Each structure stands twice: as structure tokens, then as C-alpha cells.
Amino acid sequence: DGNQTVAFLCRMATDWLPAGTLACGWSDVDVKFPNPCRIDDVIIFTGKVVAKTHEHGRNQVKLEVLAGNQAGKLVAAGSISAQVPR
């Protein structure tokens, strides 16, 4: 299910970023689904910081997030951008 996959990607980001980052008023999630998840799939979630910026007095990060199955097929790919508290 796409919603559950996005929820796990966001959870991965919130576990890694400072507390309250995605809920602090400015965040953006953009995820595409190139392949479907199957019932027996084991999904592996990964992410990395691809940009850090400081605009309008705000520190922001952009993460590249990916989800793939046990066969190495990509089931979700996208980005999460968030304002990071000082």
C-alpha cells in the first residue's frame, strides 16, 4: 500500500531528524511508486541528506528517500524536505 510505504519513509525521517522536524510547520513529501509492493515482500528503507540550505532565517534539509524489496526492485523513491530547528 502506498500510504503505508510513505508513512514508513516519514517515520524513518522523523527517527533520524531532530524531534518535531516534520511537524514544525514546514515540510514537503514527494514520493513516486515505480513498482508495486507484494504481500510477501520485505521492504528496505534508506535515505540520505542531499542538500542543506539556510533561507529566510530557516535551516532546511532535503532527504532522498528510497524503498526497495528483497529482489532489489525499487517500490518507492522521492524526497522529504523539512525545516530543522536550531
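Worth pointing out:
- Listed residues ASN35, PRO85, GLY47: farthest to the positive end of the dipole of the chain (Cβ charges): PRO85
- Taking 0.36 nm per residue of separation and subtracting the current Cα-Cα distance, fully stretching the chain between VAL84 and GLN4 would add 26.4 nm.
- Ranked by solvent-accessible area (1.4 Å probe, protein heavy atoms only, all chains present), the residues VAL31, VAL65 order from largest to smallest as VAL31, VAL65.
- With an a/c value of 1.5 or above and a/b larger than b/c for the gyration tensor axes a ≥ b ≥ c computed over the alpha-carbon atoms, the chain is described as prolate.
- Segment LYS48-VAL29, extension gain: residue separation times 0.36 nm, minus the distance between their alpha carbons: 5.4 nm
- Residues in the stretch 42-65 that a label on ARG11 would reach, taking backbone N under 14 Å of a point 7 Å out along Cα→Cβ: 43-46
- Of all accessible heavy-atom area on the chain, the percent that carbon and sulfur account for (1.4 Å): 53
- Across the chain, Cα pairs under 8 Å and at least six residues apart give a relative contact order of 35 percent.
- Helix 2-16 vs. the chain, principal-axis angle (Cα, 0 to 90°, nearest 10): 50
The values are calculated or read from the model by the stated rules, or taken from the named source; none is laboratory data. Remember, it's a predicted structure, so these values are computed and weren't measured experimentally. Ideal geometry is used to build each Cβ from the backbone, glycine not excepted, and the neighbour counts take in all protein chains shown. Accessible surface areas use protein heavy atoms only, side chains included; no ligands, DNA or RNA. Shrake-Rupley method; radii C 1.70, N 1.55, O 1.52, S 1.80 Å.
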